[in-house]
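Student: I'd like to ask some things about the structure below.
The values are calculated or read from the model by the stated rules, or taken from the named source; none is laboratory data. The model shown is predicted, which means the values in this text are computed figures rather than measured ones. Neighbour counts are summed over all protein chains in view; Cβ atoms, including those assigned to glycine, are modelled from backbone coordinates with ideal geometry. These area figures cover heavy atoms from the full protein model, side chains too; ligands, DNA and RNA do not enter into them. Shrake-Rupley method; radii C 1.70, N 1.55, O 1.52, S 1.80 Å.
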Amino acid sequence: MKTTVRHFSEYVPLTKEQFRERFFARFYDPAFGRVSEELERVCEVAWEGYEQYRKSPRTQPAGSAFANSDHPLAVEWLATHEAVNAAQRRQRDRTLPSRVLLISGSTRSEHTCPGEVSKTRRLAERARQILAALPNHEVDVLDVSSLADEPLKVIYPCK
């Protein structure tokens, strides 16, 4: 049985002009005019990175925990791998409190919609209070509204 890879659309890279337009859209404020020459140089470096697509520009050897210890792996991937392993060790340790992750998935906040916290965030906060009151429980909250509140904060897709 052969696996068929399906694609919905063809990848069409940006032209240099489109890339430049999108890059400089982030620097629309006239205050950036003072550093326009520097931004031109940064834009050129960013374009080279986009055009050549360096998926993992910073790598290091995988290490002894991997079958091919010399294989170069992304530094960020290795750090994430270790964080996941540490979380798994903690999760398996029955002497530690149970942990719950609550996700408030609305990007709306009192900063993007003045004067009103989203219902999603209020429900997540109420759930946090109830769960935190349980014996031997810890609660973490992932609040997606920070994406809209903090400039240039992005959740990147998995590639």
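Student: Out of GLU38, GLU76, GLU51, which single residue is among the acidic types (Asp, Glu) and either exposed (fewer than 11 other Cβ atoms within 10 Å of the Cβ) or modelled with pLDDT of 95 or more (or both)?
Tutor: Among GLU38, GLU76, GLU51, only GLU38 is among the acidic types (Asp, Glu) and either exposed (fewer than 11 other Cβ atoms within 10 Å of the Cβ) or modelled with pLDDT of 95 or more (or both).
Student: Find all pairs meeting these conditions: Cβ atoms under 7 angstrom apart; at least six residues apart or on different chains; first residue within segment 112-133 and free of Cβ contacts under 8 Å to residues at least 12 places away in the same chain; second residue assigned to a helix (DSSP H, G or I).
Tutor: Every condition considered, no pair remains.
Student: Looking only at segment 98-151, which residues are small (Gly, Ala, Ser) and open to solvent by less than 70 Å² (accessible area, probe 1.4 Å)?
Tutor: Of all residues in segment 98-151, those small (Gly, Ala, Ser) come to 98, 104-106, 109, 115, 118, 124, 127, 132-133, 145-146, 148.
Listed by number, the residues that qualify are SER98, SER104, GLY105, SER106, SER109, SER118, ALA124, ALA127, ALA132, SER145, SER146, ALA148.
Student: Next up: Does segment 10-31 hold any residues that are open to solvent by less than 80 Å² (accessible area, probe 1.4 Å), assigned to a helix (DSSP H, G or I) and out of contact with any helix residue (DSSP H, G or I) (no Cβ under 6 Å at 6 or more places or on another chain), and which are they?
Tutor: Result: PHE24, ALA25, ALA31.
Student: Considering segment 100-128 alone, what residues qualify as being assigned to a helix (DSSP H, G or I) and not charged (D, E, K, R)?
Tutor: If the condition is that a residue be assigned to a helix (DSSP H, G or I) and not charged (D, E, K, R), then THR120, LEU123, ALA124, ALA127 are the ones that fit.
Student: Inside segment 136-155, can you point out the residues that are closer than 28 Å to TYR28 by Cα, hydrophobic (A, V, I, L, M, F, W, C) and more than 12 Å from the chain's Cα centre (by Cα)?
Tutor: Within segment 136-155, ALA148 is the sole residue that qualifies.
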